[in-house]
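Data first, discussion second: the structure below is written as C-alpha cells.
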Amino acid sequence: MTLRTRFAPSPTGYLHIGGVRTALFNWLLTRRLGGQFILRIDDTDAERNRAEALQPILDGFKWLGIDWDEGPEVGGSHGPYFQSQRKHLYTEAAHKLLDSGHAYPCYCPKEELDARRKEAEATRQNYVHRCAHRHTPAVDAWRLFTEKPAAVRLKVPDGRTVGMDDEIRGHVEWQTDLIGDPVIVRADGGALYNFATVVDDVSLRITHVIRAAEHLSNTQVQVLIYEALGQPLPVFAHVPVVNAPNSKEKLSKRKMQQFMTPEVIAQLRACHIFGPEMTDEQIKKQENINPATVAFYRALGYLPAALVNYLGRLGWSLDDKEEIIPRNRMIANFSLDRVNNAPASFDPAKLLWLAGEYMRMLPLEERVAGVIPFLHKAGLLGETLDEATRAKVRAVVEACGDRLKLFSDVLLYGGFFFTKGPQYDPQAVKKRLQKQGVPEALREFNKVLADVQPFESAALEEALRVFCEGRGVKGGDMIHALRVATTGVTIGPGVFECLAILGRAETLRRIEMALRQV
RNA sequence: GCCCCCAUCGUCUAGUGGCCUAGGACAUAGCCCUCUCACGGCUAAGACAGGGGUUCGAGUCCCCUUGGGGGUACCA
C-alpha cells in the first residue's frame, strides 16, 4: 500500500501561508516515502466559491513547485476532486449509517436545542445532546427520514473512550459521554465538514491525514465516523499552527497588517502591483496580496525556493545547525518525528534573510531573467529587449551584487539606470552636494571625466584619486557627491561601477543636471 | 463551565536522564572591513513559565498551578 496524503483548500481567491506550510509537510512526506499527494477542493460553500477563486491557489502551488498527483487540472482515478461534485457520496454514506443504526434522523426544533444549551450554560453544566428517540429501530428511522426533511445525527456510543495515536502528539483520547451526538447531514441535505472529510478521505484512500493542530478536537468525531463506517483509521498527524509574529494568535491578514510598512507599500507600488489610484490604506486592507498570502511574496520577487525553505523549517528541523535546506535535501530528510509540537511564529525578517541567501546562490543569468519582469512592470524597459539592453541589465545585476535579496530590489538599487535622469532626494542633495567647495570641484572633475580612458570602473577610480590629490579635495566628499549627482540617492552599488554602466555621455549629462540643482 | 492540545533566548530551533556553567540561526547592540548601502569577520547581550515529586543526578520522566491555543454549531 502506498502513501496517500491530501490537502483540501477552500477556493477563497488566495493561498494562505499557513495552509501552504501544512500542504508542504504533506507533500514532503509523500515525496520522501513515495505515494500520491492529492489536492481536493473544499467548495461546499457555494456562496463564496467561484471558479476563478481557485486559480490563485493552483498558481501559488505551481510557483512554489509543490505539485499534486491527483486533483484539479491533473485529474486522477479517484475523482471528482471537488466536494461540490461528491454530494452523492455523502448521501450514500449517511444512508448506510442510518441503515446500520449508527445514525438517526433528528427532528428537534432549533429553538429547543438552543434553549437546552442555554439552560446548561446558565447552570454551568456541560450540555451533551442526545435525541430522545435515538434508539428508534432503523427501519422506523428510515421511514421518518424519508417522510420529511431531517438532519442526520451520529449515534455516539455510551460510556467508553475514543482515541487515536497521533504521529506528533502521541496517544490522544476522549470520553464519549462528553460528546453530543453530532449532526453529520443538515436538514437541507448538505454534509457537514467532519462527515464530508471522512467520507472523502475514505473514498480517496487517504492513508495519512496531516493537518493543522486546530483540527485535533474534530478528530474525536471523525474517529467515531470511521468506526461507524467500518473503515480503518488513517495515520493522523496534527502539525502545530503558524502564528503571527510577536503574537500568540493565528497568522491572518489583519495580524500581518503591521508588516505593510510604508517601505513595503512603496516597494509594492514601485512594482506597479497597484494602480496609483489606490491609497495606502486600501493597499493595506487588500485581500489577495498581503503578508499572509503567497501572492505577496511572489509580487515582491522572493525566490520560491526561499519561501519553501523557510516554511519547511517552521515547526520542523533537520538538526541543530542547518538553516539553509534546499528542497531536495528536505525531501530526503523529512520525517514527522522531527516536527515540533508547539505553535511557531512567522518571522518575516528571517524569511528575508533566507531570500538573500537563495538569491546569492542563483546563477547570474537566472538573476537577470528574474529581474527583467520587474523592470518591465515598472515601465523601465521597452517592449522588446535587445542584446545591448540585456547586457546593461546584466551589468546592473552584477553591480547590485549581494544587495539584491528580492527581484524587486533591482528597482531600489538600480532603477535609476533605466530612467531619463535621477529623482533627486532633497536630503541627499543637501547633505552631499550643497557642501563647501563640492559643486566647484564636481564641475571641474566633469572635465576630467570627459577624457578618462577607458570609461571603466578602475580607470575612473584612478582618475578621481589623481584629481583629489592634485586639488587637495577629500576623496570621500567627491565620491558621495558623484553618487548623488548621478543616481539621486545615497545608497546603491559602488559609484565607479555606476558611472561605468551609465557611460560617459550620460554621466556628464547627469552631473550637469545635478549642478543645476544646487 | 467542560474536553483536548501546547510551554527552551524577542523569534525559529538543538536537546529523548549525566556529553548542558543549555548549542546554532534570524533579529538586536558594539567593533572591524568600507565611497554609501548591502555582504563578510569578530564580540556582546539574551531562554529551560512557577511549584512539587521520582532519581545518586531533570531542560529531559510524573503531578499540580499559571499562561496560551483549539473544540464544545444543522461553520470550515
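Expressed in nm to one decimal, what extension gain is obtained for the pair A:H95 and A:T389 from 0.36 nm per residue of sequence separation less their Cα-Cα distance?
Taking 0.36 nm per residue and subtracting the Cα distance, the gain is 99.0 nm.
With unit charges on the beta carbon (Lys/Arg positive, Asp/Glu negative), name the residue among A:A196, A:A150, A:L229 whose Cα is farthest towards the positive pole of the charge dipole of region A:117-236.
Result: A:A150.
Return the sequence-ordered ³J(HN,Hα) values of region A:279-291 in whole Hz as given by the Karplus equation 6.51 cos²θ - 1.76 cosθ + 1.60 applied to θ = phi - 60°, using x for Gly and Pro.
So the J values, rounded to whole Hz, are 7, 4, 4, 5, 5, 4, 8, 3, 6, 8, 10, 8, x.
If you stretched the chain out fully between A:A51 and A:E365, how much longer would it get, using 0.36 nm times the residue separation minus the C-alpha to C-alpha distance? Numbers along the way, then the final one.
Working: separation 314, 0.36 × 314 = 113.04 nm, distance 3.69 nm.
Here the answer is 109.3 nm.
What is the spin-label model distance, in nm, from A:A132 to A:L33 if the labels are put 7 Å beyond Cα along the C-beta direction?
The two pseudo-label positions are separated by 4.9 nm.
Report, as a whole number in µm² per second, the diffusion coefficient that Stokes-Einstein gives for chain A at 20 °C and 1.002 mPa s using the Kirkwood radius over alpha carbon pairs.
Values: Rh = 27.3 Å.
Stokes-Einstein gives a translational diffusion coefficient of 78 µm²/s.
State to the nearest 20 debye the size of the charge dipole of chain A about its Cα centre, where the only charges are +1 on K and R beta carbons and -1 on D and E beta carbons.
880
For A:K250, list long-range residues whose amide hydrogen, built 1.01 Å from N in the peptide plane, is under 5 Å from its own amide hydrogen.
Answer set, sorted by chain and number: A:A244.
For region A:270-277, what does the Karplus curve 6.51 cos²θ - 1.76 cosθ + 1.60, with θ = phi - 60°, yield as ³J(HN,Hα) per residue in whole Hz, taken in order and with x for Gly and Pro?
4, 7, 6, 6, 10, x, x, 6
Distance in nm between label sites at A:A458 and A:N341, each 7 Å beyond Cα in the beta-carbon direction?
6.3
What residue among A:L411, A:A388, A:Q434 has its Cα farthest toward the positive end of the dipole of region A:373-465, where the charges are +1 on Lys, Arg and -1 on Asp, Glu, each on the Cβ?
Selected residue: A:Q434.
Given labels modelled 7 Å from the Cα in the Cβ direction, how far is it in nm from A:T490 to A:D320?
4.4
How much length is gained on full extension from A:R160 to A:N328, taking 0.36 nm per residue of separation minus their Cα-Cα distance?
Length difference between fully extended and current span is 56.0 nm.
With a ≥ b ≥ c the root eigenvalues of the C-alpha gyration tensor of region A:408-456, is it rounded (a/c under 1.5), prolate (a/b larger than b/c) or oblate?
Taking the square roots of the gyration eigenvalues as a ≥ b ≥ c, region A:408-456 is oblate.
Only the coordinates and a few stated rules stand behind these numbers; no lab work does. Only a predicted model underlies this, so the values are computations on that prediction, with no experimental measurement involved. So basically every Cβ, Gly included, is an ideal-geometry build from the backbone, and we count neighbours across all protein chains shown.
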